[in-house]
Amino acid sequence: MKTVKREWDVLTPDRRAALIREVIIYFKTSHDQEIGMLASEDILDFFLQAIGSDLYRKAIDDSKSVIKQNLENLDIDLDLLIHK
């Protein structure tokens with residue numbers, strides 16, 4: 001059977017399987033409920049779809065800030081080399 005890859009699902013198959021197991025364990029330990037693989041997959045898919053783009057945008061913003069700071073530092077370093 002061929003699996004469908006959704007655009008918001010960026011997980012590797014191994015990571016996805018590990019998270020599905022984590023959801024099952026979470027419900028068992030925190031809520032004393034046993035849920036199956038399908039329910040666990042549905043929960044994981046729901047959260048990936050619901051917050052995936054928010055996490056992506058935050059990661060991009062954080063990356064832009066780091067790059068901006070690095071460029072400012074590089075600019076300062078280059079100015080120091082020129083004026084040596």
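Some points to look at:
- Condition check for ILE67: at pLDDT 95 or above and β-branched (Val, Ile, Thr): yes
- The residue that is modelled with the lowest pLDDT, counting only those in segment 4-37 that are acidic (Asp, Glu) and either under 14 Å from LEU48 (Cβ atoms) or surrounded by 10 or more Cβ atoms within 10 Å (Cβ to Cβ) (or both), is GLU7.
- Boolean, SER53 is part of a helix (DSSP H, G or I), surrounded by 10 or more Cβ atoms within 10 Å (Cβ to Cβ), at pLDDT 95 or above and of a type in the set (S, T, N, Q): no
- Residue within segment 21-28 that is touching a residue at least 12 places away in the same chain (Cβ under 8 Å) and in contact with a helix residue (DSSP H, G or I) (Cβ under 6 Å, 6 or more places away or on another chain) present: yes
- Flag for LYS84 being of a type outside the set (Val, Ile, Thr) and not in a helix (DSSP H, G or I): yes
- For segment 40-84, filtering for residues that are over 14 Å from the mean Cα position of the chain (by Cα) and in contact (Cβ under 8 Å) with a residue 12 or more places away in the chain leaves 3.
- In segment 51-84, the residues that are under 20 Å from GLU7 (Cα atoms) and not hydroxyl-bearing (Ser, Thr, Tyr): ILE51, GLY52, ASP54, LEU55, ARG57, LYS58, ALA59, ILE60
The values are calculated or read from the model by the stated rules, or taken from the named source; none is laboratory data. Keep in mind that this is a model prediction, so the values were computed, not measured. Neighbour counts are summed over all protein chains in view; Cβ atoms, including those assigned to glycine, are modelled from backbone coordinates with ideal geometry.
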